[in-house]
Protein chains: 2
Amino acid sequence: MTGPRYTPLVASLPETVPFVGPETQERERGTPFRARIGANENVFGPSPRAIEAMQRESAEIWKYGDSTSYELRHAIAAEHGVAPENVMVGEGIDGLLGYLVRLVVAQGDAVVTSDGAYPTFNYHVAGFGGVLHKVPYKDDAEDLPALLSKAAEVDAKLVYFANPDNPMGSWKPGAEIAAQLGAVPEGTLLVLDEAYVEFAPEGTAPEIDIEDSRVVRFRTFSKAYGMAGARVGYALAAAPLIRAFDKIRNHFGMNRAAQAGALAGLQDREWLEQTVEKVAAARGRIAAIAQANGLSALPSATNFVAVDCGGDGTLAKAVLAGLGARGVFVRMPFVAPQNRCIRIGAGTESDLDALEEALPAALAEARESAV
Amino acid sequence: MTGPRYTPLVASLPETVPFVGPETQERERGTPFRARIGANENVFGPSPRAIEAMQRESAEIWKYGDSTSYELRHAIAAEHGVAPENVMVGEGIDGLLGYLVRLVVAQGDAVVTSDGAYPTFNYHVAGFGGVLHKVPYKDDAEDLPALLSKAAEVDAKLVYFANPDNPMGSWKPGAEIAAQLGAVPEGTLLVLDEAYVEFAPEGTAPEIDIEDSRVVRFRTFSKAYGMAGARVGYALAAAPLIRAFDKIRNHFGMNRAAQAGALAGLQDREWLEQTVEKVAAARGRIAAIAQANGLSALPSATNFVAVDCGGDGTLAKAVLAGLGARGVFVRMPFVAPQNRCIRIGAGTESDLDALEEALPAALAEARESAV
């Protein structure tokens, strides 16, 4: 009995995990975190109307979800002024990125992203045998001209660009992005990840003709809508690309209560606006806490703030560990020089109290260990 | 602008949909069904404890689900007397089948199933470029000896066998399956789909050493646990195969409320037992309704009953259409001679009242149109 014969590609893949979840870390440390502000979750939670819709639909969970996410898809289309045929609802952006990579990336195909950008995208590309070409960040931001130029050089099938970006929180004006679409190489698809765009200044989302076949954009209910655990995201793109998802997606893969919650959340614009305000206030407090500790916070258009610890990756890692030991769960960028920072989520007052208490000692300890 | 360059495999795939959902059908007919008993859902619903857990966790949905489904996985392991390392929780059996096929099926690889068995498995195999070899049903049941023999003949990487089976509801004693494991060819993995096994007589689930690398079994919370819309299933297998899922799965793909609901549902054994009794009673009533209309119901160990309409697929299709026109949603097998039947789900009393009312006229109409 030799067991299953995996594909050569699968046999070559490592058993990696893109992220270690906070629950796993809590089990390892034996006690819960005081502040869970490391996974870019939205601590202010979903609209009460979304919660109510999910609770109501929990009693109807014996039914499969609507395989076409009809109502949600129509509401999203109306929100964006596009046709329902331009919207694909899926199991979070993570799930949709997996489908997209599967649609276009065969083994050996070139894909371009930034060195240090979203690891789950890279995980999917590796998982389908794509070859990743990485472009460095420029001034702590993803560098679209360099990404497009690299895409042309390597004949990339996909080029990933997040606006705002994770993990640094940077953003570019939408007009600047729209002006560069002419530089998207023939046969390359620009993957515009807008997971955090609701937190960003007006005009951050570029105006792009929805039938422009050079671009697919991704949005989510995980961030501004506060529903990370529900797993609802969507793609906006030209109708032929949206139809292509139907060739491979898990048609009955959506949680029924999540569909209902997303629909209700989308309709509560007031809650969204309040959330965005609360997040902005929390970003301000994080920056103030950083400053009080002699650190600088980078500008952010997201629900997290990259805080420069003033040293290298080793120092930042030590700060992160010190915060963790004091019950404050945060994460940090993977790649130099961005890994001089830690990434702190917009927390509640209580979360940020915990941060404020823990940071001085964590910092002192880290500096000591770095000597 | 030519748009994205799809992989040659994807370009070759049809834009098929394994099933048209009842919501889609309702929109087309302009009115809801009276009885939704066509999708093998469990109308008796989940344990009230599961509903309560999902409702509670809906308020915590801002957090991603635990990427390791730790608590649920450990509870499942205890339930089956295996180690947590032998359990992979995933987005329903559909999602897990997709992962499994991706793990082992490269383009051109042979896969064996029964002609007329679960279409979503076939959808995944086609989606990864596998070559399906189909074995006919024997006496309205999947024919394991013939499946294994075909697997040897074509050097299959996977052989799919559902026990009990869908769409006919047949089942084999577990001992009979266990006795045939020696005939699983070297390098072939037996995919034992036990989605409906909780409804089946004691002893239907074979005793198989969990570290036996020839077999992977699938279970779900969609059927007996009444949580189809939650999307929670699991694989039971040797630890190395379970670990392999970690190479490709969507690690943060599980809905957080669904994880909590499944855990609570698993712990309510009494509700499960009551459900199994209600389903058995409903099967009995379906058989009685069939008999009263001069039709015969096939034996079933599931939550649906295949009813032989006494003609060919055209007649059965007309009966199905007649029931649908009268507000009773059912489905039917795709392949002859099984498509002489319609597949009727174990409904509530009210659902089966609707069936009882609708069937005589649907049948008369169908017979008339068949003349």
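The values are calculated or read from the model by the stated rules, or taken from the named source; none is laboratory data. Nothing here was measured: the structure is a model prediction, and the numbers come from that model. Every residue, glycine as well, gets a Cβ built from its backbone with ideal geometry; the counts of neighbours run over all protein chains shown.
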For this session: Go through B:Thr314, B:Thr348 for me and flag whichever is at pLDDT 95 or above, under 19 Å from B:Gly116 (Cα atoms) and of a type in the set (Ser, Thr, Tyr).
Result: B:Thr314
For this session: May I ask you to list the residues in segment A:70-96 that are within 19 Å of A:Gly226 (Cβ to Cβ) and not aliphatic (A, V, I, L, M)?
Result: A:Glu79, A:Gly90, A:Glu91, A:Gly92, A:Asp94, A:Gly95
Exercise. Is it the case that segment B:12-23 has a residue that's under 25 Å from the mean Cα position of the chain (by Cα), without any contact (Cβ under 8 Å) to a residue 40 or more places away in the chain and part of a helix (DSSP H, G or I)?
Worked result: yes
For this session: Give the residues of segment B:111-120 that are within 18 Å of the chain's Cα centre (by Cα) and away from every other protein chain (no Cβ under 11 Å), sorted by residue number.
Result: B:Val112, B:Thr113, B:Ser114, B:Asp115, B:Gly116, B:Ala117, B:Tyr118
Exercise. From the residues in segment B:86-110 that are farther than 29 Å from B:Tyr70 by Cα and facing chain A (nearest Cβ under 10 Å), which one is surrounded by the fewest Cβ atoms within 10 Å (Cβ to Cβ)?
Worked result: B:Gln107
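Can you name every residue in segment A:251-260 that is more than 7 Å from chain B (Cβ to nearest Cβ) and either in contact with a His (Cβ under 9 Å, 6 or more places away or on another chain) or under 17 Å from A:Ile93 (Cα atoms) (or both)?
Selection gives A:Met254, A:Gln259.
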For this session: Output the number of residues of segment A:111-121 satisfying the condition of being surrounded by fewer than 21 Cβ atoms within 10 Å (Cβ to Cβ) and either in contact with a His (Cβ under 6 Å, 6 or more places away or on another chain) or part of a helix (DSSP H, G or I) (or both).
Result: 2
Problem set entry | Any chance A:Ala156 is over 22 Å from A:Asn42 (Cα atoms), part of a helix (DSSP H, G or I) and touching a strand residue (DSSP E or B) at 6+ places or on another chain (Cβ under 7 Å) | no
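Residues checked against (1) in contact (Cβ under 8 Å) with a residue 60 or more places away in the chain; (2) farther than 30 Å from B:Trp62 by Cα; (3) away from chain A (no Cβ under 14 Å):
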{"position": "B:Ala235", "(1), (2), (3)": "yes, no, no"}
{"position": "B:Arg249", "(1), (2), (3)": "yes, no, no"}
{"position": "B:Ala262", "(1), (2), (3)": "yes, no, no"}
{"position": "B:Ala287", "(1), (2), (3)": "no, yes, yes"}
{"position": "B:Leu298", "(1), (2), (3)": "yes, yes, yes"}
{"position": "B:Asp308", "(1), (2), (3)": "no, yes, yes"}
{"position": "B:Val319", "(1), (2), (3)": "no, yes, yes"}
Exercise. Which one of the conditions (1) out of contact with any helix residue (DSSP H, G or I) (no Cβ under 7 Å at 6 or more places or on another chain); (2) within 8 Å of chain A (Cβ to nearest Cβ); (3) surrounded by fewer than 23 Cβ atoms within 10 Å (Cβ to Cβ) does B:Asp139 fail to meet, given that it meets all the rest?
Worked result: (2)
For this session: Please determine, by comparing only the residues of segment A:1-57 that are touching an Asp or Glu at 6+ places or on another chain (Cβ under 7 Å) and closer than 20 Å to A:Pro119 by Cα, which one is surrounded by the fewest Cβ atoms within 10 Å (Cβ to Cβ).
Result: A:Glu15
Seminar exercise, completed: Selection from segment B:28-60 of residues of a type outside the set (Val, Ile, Thr), within 7 Å of chain A (Cβ to nearest Cβ) and part of a helix (DSSP H, G or I) yields B:Met54, B:Gln55, B:Ser58
Exercise. Can you find even one residue in segment B:155-175 that is without any contact (Cβ under 8 Å) to a residue 24 or more places away in the chain, assigned by TED's automatic domain parsing to the domain that holds B:Lys223 and over 24 Å from B:Cys341 (Cα atoms)?
Worked result: no
Problem set entry | Tabulated pairs, segment A:325-338, first at pLDDT below 95, second not in a loop (DSSP other than H, G, I, E, B), C-beta under 8 angstrom, 6+ apart or interchain | A:Phe334/A:Pro119
For this session: Restricting attention to segment B:189-210, report how many residues are over 16 Å from B:Leu97 (Cβ atoms), touching a residue at least 60 places away in the same chain (Cβ under 8 Å) and within 14 Å of chain A (Cβ to nearest Cβ).
Result: 1
For this session: Report yes if some residue within segment A:61-79 is at the interface with another protein chain (Cβ under 7 Å from one of its Cβ atoms), outside any loop (DSSP other than H, G, I, E, B) and either crowded, with 20+ Cβ neighbours inside 10 Å or among the basic types (Lys, Arg) (or both); otherwise report no.
Result: no
For this session: Can you tell me which residue among B:Ala152, B:Ala179 is hydrophobic (A, V, I, L, M, F, W, C), in the same structural domain as B:Val101 (by TED's automatic domain parsing) and without any contact (Cβ under 8 Å) to a residue 24 or more places away in the chain?
Result: B:Ala179
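Could you look through segment A:315-328, keep only residues that are outside any helix (DSSP H, G or I) and out of contact with any Leu (no Cβ under 8 Å at 6 or more places or on another chain), and pick out the one that is farthest from A:Arg34 (Cα to Cα)?
Initially, segment A:315-328 is screened for residues outside any helix (DSSP H, G or I), giving A:326-328.
Filter once more, so that each one left must be out of contact with any Leu (no Cβ under 8 Å at 6 or more places or on another chain): A:326-327.
Numbers: A:Arg326: 8, A:Gly327: 5 Å.
Restricting to residues being outside any helix (DSSP H, G or I) and out of contact with any Leu (no Cβ under 8 Å at 6 or more places or on another chain), the top hit is A:Arg326.
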Problem set entry | Subset of segment A:298-314 [small (Gly, Ala, Ser), closer than 27 Å to A:Ala205 by Cα and in contact with a strand residue (DSSP E or B) (Cβ under 9 Å, 6 or more places away or on another chain)] | A:Ser300, A:Ala306
Exercise. Which one is nearest to A:Leu272 (Cα to Cα) among residues in segment A:185-195 that are buried (at least 22 other Cβ atoms within 10 Å of the Cβ) and out of contact with any Phe, Trp or Tyr (no Cβ under 8 Å at 6 or more places or on another chain)?
Worked result: A:Leu189
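Residue-wise test of (1) surrounded by 22 or more Cβ atoms within 10 Å (Cβ to Cβ); (2) in a loop (DSSP other than H, G, I, E, B); (3) over 15 Å from the mean Cα position of the chain (by Cα).
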position	(1), (2), (3)
A:Phe218	yes, no, no
A:Phe252	yes, yes, yes
A:Ala257	yes, no, yes
A:Ala280	no, no, yes
A:Arg285	no, no, yes
A:Ala301	no, yes, no
A:Ala306	yes, no, no
